[in-house]
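This report refers to the structure that appears directly beneath it.
The values are calculated or read from the model by the stated rules, or taken from the named source; none is laboratory data. Being a predicted model, the structure only gives us computed values, none of them experimental. With ideal geometry, Cβ positions are generated from the backbone for all residues, glycine too; neighbour counts draw on all protein chains shown. The area values use the complete protein model at the heavy-atom level, side chains included, leaving out ligands, DNA and RNA. Shrake-Rupley method; radii C 1.70, N 1.55, O 1.52, S 1.80 Å.
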Amino acid sequence: MAMPIVAVVGRPNVGKSTFVNRIAQGDEAIVHEMRGVTRDRSYHEADWNGVEFKLVDTGGIEMGDDDAFQGSIRAQAFAGANEADVVVFIVDGKTGINADDEEVARILRKSNKPVFLVVNKMDTPGREDELWEFYQLGLGDPWPVSAMHGHGTGDLLDGIVEALADVEVPDIDDEDPGINVAIIGRPNAGKSSLTNKLTNNDRSIVSNVAGTTRDAIDTRIVHDDKVYTIVDTAGLRRKSQIDEDVEYYGFVRAMRAIDRADVALLVIDAELGLTNEDQRVAGYAAERGCAMVIVLNKWDLVEGPEAKAAIRERIADRLTFVGYAPVVAISALTGKKVDRVWEAIDTVYANYTQTIPTNKLNVWLADVRETGHTVTQGKTILRMKYVTQTGSMPPKFAFFVNRPDVVTDNYKRFLENRMRASFDLVGTPIEMKFKKKD
């Protein structure tokens, strides 16, 4: 079932993410003293008295500040409010009203949606006499709460749930995440541009400043009658290079996104070429066993066939450990060839989830035995008896042999190469285990 949406808006540092974590009973929203930590809008599930809804955490709104991100943050916050069924407008009970609060209130008064004016940081219950100034915002009775300590949140949730009772929610199967796709890569490779192009909206903020995306952000969409959950992640780099704790939290979110991904899209800046950071990011995804597509972004900025051939050759040479991943060249900014990304996702996911019949595997194994290529150790000769698939996502195979202890890494690579030549395993890693059978 689809859930109604509750958007949380307000200026920076009023406690929106703390409030979201309190209501959602988790710690998914990044909380930090620094202004502008939350930039994109992110979604969190919550429920109160059996009523389920989605909370949208938005970036802090500053109407008069036009730094590198603020215009986009403002747009993201208002986009979150526009798609919501109920809006929670949070103000700071300690600092009082400022011009940004007044401007946001003016816009919300025109929204024709239920708006709850929440005065946060009211850490001492019974101080309602401090609420009078907030009536001038023209949004009805203010709700005093302490997101940090939980005071007042129960009464507020009662009011929100009552307002949601009048909301008609479209009948969409919200339980089916479809194919879970994590968009990964080092900072500023074009991940958010690709996310926006795939989802056909501007959910993720796009800028040329490295590290713009700090949360992992889920977008559930339907493309060609198939369901996908697209996750834009913070740019990954070595922990030793992460000097802001906020950026470290984003790194953790990205790793979690890879953990639950079916398919990872590794976005590489083709104009810059393959870097050591790209190799590390590919390693993170390979270790976690998800399917992979390598996306060469900004391909339109690479001049000449020789330069393009050199980039592909370097990828083939330096990313041999994920040599199974197909390479797709696109321009996320213009949308050129992005349709090929959809095709690649579908292909690698089908291979990632497939089951190969046991009889076909053993016909293949018989061909391998006929080559005579095996492992010897002293007088011991490795004899392959039988093979079967034991799992998928990724495909897992059990080989029954006379001496598992003599199987070498080179022989495992030989078997993997022969298997990939015989079966459609493009884009997916595979796991092989060797068990003793007399």
Which lysines have a Cα less than 30 Å from the Cα of Lys360, not counting those fewer than 8 places away in the same chain?
-> Lys226, Lys385, Lys396, Lys412, Lys433, Lys435, Lys436, Lys437
Along Cα→Cβ, 7 Å out, is where each label goes; now give me the distance between the ones at Asp141 and Lys436 in nm to one decimal.
-> 7.5
How high is the FRET efficiency from Glu102 to Lys337, r the C-beta distance, R0 30 Å, rounded to 0.05?
-> 0.05
From most to least accessible, 1.4 Å probe, no ligand or DNA/RNA atoms counted, Asp405, Asp225 line up as Asp225, Asp405
DSSP-loop trypsin sites (Lys or Arg not before Pro) across region 349-429, with at most 10 other Cβ within 10 angstrom = Lys379
Area accessible to solvent at Thr124, 1.4 Å probe radius, in Å² = 80
How much length, in nm to one decimal, is gained on full extension between Phe423 and Asp123, taken as 0.36 nm per residue of separation minus their Cα-Cα distance?
-> 101.7 nm
Inter-probe distance in nm under a simple model that places probes 7 Å from Cα toward Cβ, at Thr374 and Thr358 = 2.2
Phe19, Phe423, ranked by accessible area, largest first (probe 1.4 Å) | Phe423, Phe19
Accessible surface ranking that places the most exposed of Met432, Met122 first, with a 1.4 angstrom probe | Met432, Met122
Reported to the nearest 10 Å², Glu162 has, with a 1.4 Å probe, an accessible area equal to 130
FRET efficiency for His149 and Asn276 from the Cβ-Cβ distance with R0 = 51 Å, rounded to 0.05, comes out at 0.65
Kindly write out, for region 143-149 in residue order, the coupling ³J(HN,Hα) from the Karplus curve 6.51 cos²θ - 1.76 cosθ + 1.60 (θ = phi - 60°), rounded to whole Hz, with x marking Gly and Pro.
-> 10, x, 9, 10, 4, 5, 9
Pseudo-spin-label distance Arg260 to Thr408, built 7 Å along Cα→Cβ, given in nm, is 4.3
